[in-house]
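Participant: Take this structure first; my questions come after.
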């Protein structure tokens, strides 16, 4: 009997340790949050998502601050171990510039690699799956912290980048801009990596535009891509630019008539000393920048920035967090959120 009791106690301790480690991976260990961090949960008939909000140092609800939602990639969490919070260091920039950051984290076991399910058609539609949950989080944060609904932005890495693009198509009335870091177009799962030309980006653009429905508007997009990325090859980013140009061309009159094209209006080549060189291409519509594309030489599947921390980072690349914020700050939703 004593032996059995010892076994039960040992098993209980082991199980508790597994649970604690799992929680630490997903949500962070006790003490890992700052005094301006708030934990939240959004639930609906589509499921449940946990998220952390970081309030900037100067936060006051009468200031109606902007919001940046940061979506992690595979093998990452929102604010636990190997987190988007630590990778991006958005909190530092938030305190400097005065915007709110939101870090949703994928529900445990919703994906075996903790990815957002951007390649699953069940998570590519308004009112369904992850888009509904994440848009719900954004609306909840705006309401709870009196943020500016016309300045809510989404940025994602890898699978989170795919979801950010999906949110730009499914909820253009919620998100003013979208940023893709090593991600692809709406409905990328329909594209065969061995024969990508079989499904042109204009085809998937038609589907993204259809998702916008009566809410259709030109949504500015920022794209980052490393030229040594083997997980998401550079041609995926090239397709994304062509795809999003076509989506925005369709917004005007439902026709692909060249109002917005995938020919850059400005190209800058930068070679900062001691850092990765990169090419920055800008695509405009009606005289205003609409799509910006950074192709970084020597960078693999990573988030770049001098303070980046985590498994999938490259400190020699551009300061993505700052570029993302400057892009977002320049593109509030015209006419306000609907």
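Read-outs throughout are calculated quantities, based only on the coordinates presented, and are distinct from any laboratory measurement. Predicted model only: the values in this text are computed from it and were never measured. As a convention, Cβ positions derive from the backbone with ideal geometry for all residues, glycine included, and neighbour counts pool all protein chains shown.
Participant: With a/c under 1.5 counting as rounded, go ahead and sort segment 246-285 into rounded, prolate or oblate using the C-alpha gyration tensor (a ≥ b ≥ c being the square roots of the eigenvalues; past the cut-off, prolate if a/b is larger than b/c, else oblate). Before the final figure, lay out the partial values.
Facilitator: Numbers: a/c = 5.53, a/b = 4.01, b/c = 1.38.
Cα axes put segment 246-285 in the prolate bin.
Participant: Let me ask something additional. Taking each pair of different alpha-carbon atoms in the chain once, compute 1/r for the pair, average those values, and report the inverse of that mean as the Kirkwood hydrodynamic radius in Å to one decimal.
Facilitator: Values: mean 1/r = 0.0492 Å⁻¹.
Averaging 1/r across every pair of different Cα atoms and inverting gives 20.3 Å.
Participant: As a test, work out the antiparallel percent of DSSP beta bridges whose residues both lie in the chain, rounded to the nearest 5.
Facilitator: 50
Participant: For n ≥ 4 DSSP H runs only, could you compute -39500 (n - 2.57) per run for the chain, divide by its residues and tell me the 222 nm figure to the nearest 500?
Facilitator: -10500 deg cm²/dmol
Participant: Next question, about the same structure. Going by Cα centres, segment 300-325 and segment 260-286 are how many Å apart?
Facilitator: About 18 Å separates the Cα centre of segment 300-325 from the one of segment 260-286.
Participant: Another question, if that's okay. How far, in degrees from 0 to 90, does helix 159-170 lean away from the longest principal axis of the Cα atoms of the chain, to the nearest 10?
Facilitator: Long axis of 159-170 versus the principal axis of the chain: about 60 degrees.
Participant: Using a 10 angstrom cutoff on alpha carbons, build the Gaussian network for the chain and name the most mobile of 102, 263, 181.
Facilitator: 263
Participant: Report, to the nearest 10°, how far helix 201-212 tilts away from the longest principal axis of the Cα atoms in the chain, using its own Cα long axis and a range of 0 to 90°.
Facilitator: The helix 201-212 is inclined about 70 degrees to the chain.
Participant: Top mean-square fluctuation among 200, 131, 306, Gaussian network model of the chain, C-alpha springs under 10 Å?
Facilitator: 200
Participant: Now a separate question. By its C-alpha gyration tensor, with a ≥ b ≥ c as the square roots of the eigenvalues, how is segment 55-184 shaped: rounded for a/c under 1.5, else prolate for a/b larger than b/c, else oblate?
Facilitator: Taking the square roots of the gyration eigenvalues as a ≥ b ≥ c, segment 55-184 is oblate.
Participant: Using Cα centres only, tell me the gap between segment 61-138 and segment 228-247 in whole Å.
Facilitator: If we compute the Cα centre of each part, the gap is 21 Å.
Participant: Among 257, 319, 95, which one shows the biggest mean-square fluctuation in a GNM of the chain, springs joining Cα atoms closer than 10 Å?
Facilitator: Of 257, 319, 95, the most mobile in the Gaussian network model is 257.
Participant: Something else: Rank these for me by crowding, 36, 275, going from fewest to most other beta carbons within 10 Å. Before the final figure, lay out each step's value.
Facilitator: Details: 36 15, 275 18.
By the 10 Å Cβ count, ascending: 36, 275.
Participant: What is the helix-to-structure angle for 129-145, meaning the angle in degrees between its Cα long axis and the longest Cα principal axis of the chain, kept from 0 to 90 and rounded to the nearest 10?
Facilitator: That works out to roughly 80 degrees.
Participant: Ok, one more. Which whole-number percent gives the relative contact order of the chain, counting Cα pairs below 8 Å spaced six or more residues apart? Let's see the in-between values first.
Facilitator: Details: 749 pairs, mean separation 50.0, N = 338.
Relative contact order here is 15 percent.
Participant: Given the peptides 218-229, 133-144, arrange them by the average over their residues of other C-beta atoms within 10 Å, most packed first.
Facilitator: 218-229, 133-144
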